[in-house]
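A.B. asks: Quick one: the structure is below, questions incoming.
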Amino acid sequence: MKKTNLFKNPIAISLLPLGLIAPTILLSSACKKQPIILLKNNENFVYDENSKEWKVKGSARIFRENMLLNLNPVAEDDPAYELYKFKVDSDGKYIYKVDGNGQKQRIVSLVDGIPEANDNIKPTKFKNLYSNILDFKELFPKYEYRVYAYTNVELQKYFPSVFSSSKYAKYRNRADVLFMSIFYIPKYRLIDYGKAPYPADAEVLEDELTVDPKWKEYLDQGFNLFSDVDKSKMAIRNPGITGYHNYLEYAWPFFPLKSESKTWTLKDYTDPIVIPFETE
């Protein structure tokens with residue numbers, strides 16, 4: 001299948017609409033090892049005698065509202081959480097420098113004048129919202145991750161071929177069900193190369209970097225596809241307004257981006273798993 005690289009340091013994007021690339025991997029055309037999301041079997045689930053299925057205790061709506069505030073599933077205290085690698089001392093503690101505003105900032109590690117990606121640690125700790133009910137397996141060290149749980153309305157609107165799949169027939173038009181996928185992009189493709197390479201003696205502070213400038217327009221386009229109600233519930237109201245600095249939690253383009261002649265979707269994310277809840 002023909003691919004288009006949008007960036008000099010490309011984020012791979014597929015030309016085909018969702019659901020048409022492969023029957024079991026909805027957005028990735030590559031037959032390769034992928035992350036896996038599994039439902040747990042613990043006290044956070046209850047068995048519904050009427051539907052004969054295990055359901056997550058609580059409300060699908062409330063879970064989704066919390067998800068919009070926590071789109072990065074990796075816990076903030078997990079060593080893999082950061083996009084960039086920062087300088088540390090001999091004890092492994094961050095080295096700080098006070099900036100012009102009197103704020104302590106970490107110093108970004110540079111390799112040949114290029115900001116270094118924090119991409120050699122495998123995520124193992126996840127936010128409680130997810131770890132209470134989900135197991136994440138086969139996550140890779142070199143990637144940045146996001147999760148998104150689609151409603152039935154979103155699935156039908158944006159991905160009709162997925163919505164109509166027999167795999168999901170039992171769960172159609174149910175407000176108590178969400179369809180969750182995990183997205184992943186190599187960290188080096190998100191790095192802010194705007195002013196690189198830096199001089200050998202440069203001290204680049206963490207607030208000087210965001211993400212690749214070419215990635216910002218796709219963050220904006222993806223954000224604008226959310227409903228006004230969902231935008232109001234997100235911790236990140238608008239990536240541009242915040243100067244793209246909270247890049248560790250931004251929403252990615254979870255819906256197809258369209259131009260006059262093409263439909264673009266993120267290349268790498270997994271087939272949605274079904275999460276039934278006790279209530280809508």
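All of the numbers you see were taken from the coordinates with simple rules; none came from a lab. Note that the structure is predicted; figures quoted are calculated from it, not measured. No Cβ is skipped: glycine too gets one built from the backbone with ideal geometry, and neighbour counts run over all protein chains shown.
A.B. asks: Can you tell me the length gained on complete extension of the stretch TYR94 to SER166, counting 0.36 nm per residue apart and subtracting the Cα distance?
C.D. replies: Details: separation 72, 0.36 × 72 = 25.92 nm, distance 5.13 nm.
Going from the current span to full extension adds 20.8 nm.
A.B. asks: When the Karplus curve 6.51 cos²θ - 1.76 cosθ + 1.60 is applied with θ = phi - 60°, which whole-Hz ³J(HN,Hα) does each residue of the range 39-47 get, with x for Gly and Pro?
C.D. replies: In residue order, the calculated couplings are 6, 7, 10, 8, 5, 8, 10, 9, 8 Hz.
A.B. asks: If you don't mind, there's one more thing I want to ask. Karplus couplings for the range 48-65 from phi (6.51 cos²θ - 1.76 cosθ + 1.60, θ = phi - 60°), rounded to Hz, Gly and Pro as x?
C.D. replies: Result, rounded to whole Hz: 9, 5, 5, 8, 6, 8, 7, 10, 6, 4, x, 9, 4, 5, 5, 4, 5, 4.
A.B. asks: Along the range 113-127, what does the Karplus equation 6.51 cos²θ - 1.76 cosθ + 1.60 (θ = phi - 60°) give for ³J(HN,Hα), rounded to whole Hz, x for Gly and Pro?
C.D. replies: x, 10, x, 8, 6, 7, 10, 10, 10, 7, x, 10, 10, 10, 4
A.B. asks: Could you sort 41-48, 165-172 so that the peptide with the highest average Cβ count within 10 Å comes first and the rest follow in order? Intermediate results must be reported in sequence, preceding the final value.
C.D. replies: Working: 41-48: 11.4, 165-172: 13.2.
In decreasing order of mean packing, 41-48, 165-172 become 165-172, 41-48.
A.B. asks: Something else: How far apart, in nanometres, would the label points at ASN246 and ALA175 be if each is projected 7 angstrom from Cα along the Cα-to-Cβ direction?
C.D. replies: Going from the ASN246 label point to the ALA175 one covers 2.8 nm.
A.B. asks: How much length is gained on full extension from LEU38 to LYS137, taking 0.36 nm per residue of separation minus their Cα-Cα distance?
C.D. replies: On the way: separation 99, 0.36 × 99 = 35.64 nm, distance 0.80 nm.
That works out to 34.8 nm of additional length.
A.B. asks: Can you tell me the length gained on complete extension of the stretch GLN221 to GLN103, counting 0.36 nm per residue apart and subtracting the Cα distance?
C.D. replies: Numbers: separation 118, 0.36 × 118 = 42.48 nm, distance 3.23 nm.
Gain on stretching GLN221 to GLN103: 39.2 nm.
A.B. asks: Can you spot the lysines whose alpha carbon is less than 19 Å from LYS97's alpha carbon? Ignore those fewer than 8 places along the same chain.
C.D. replies: Candidates past the 8-residue exclusion: LYS85, LYS87.
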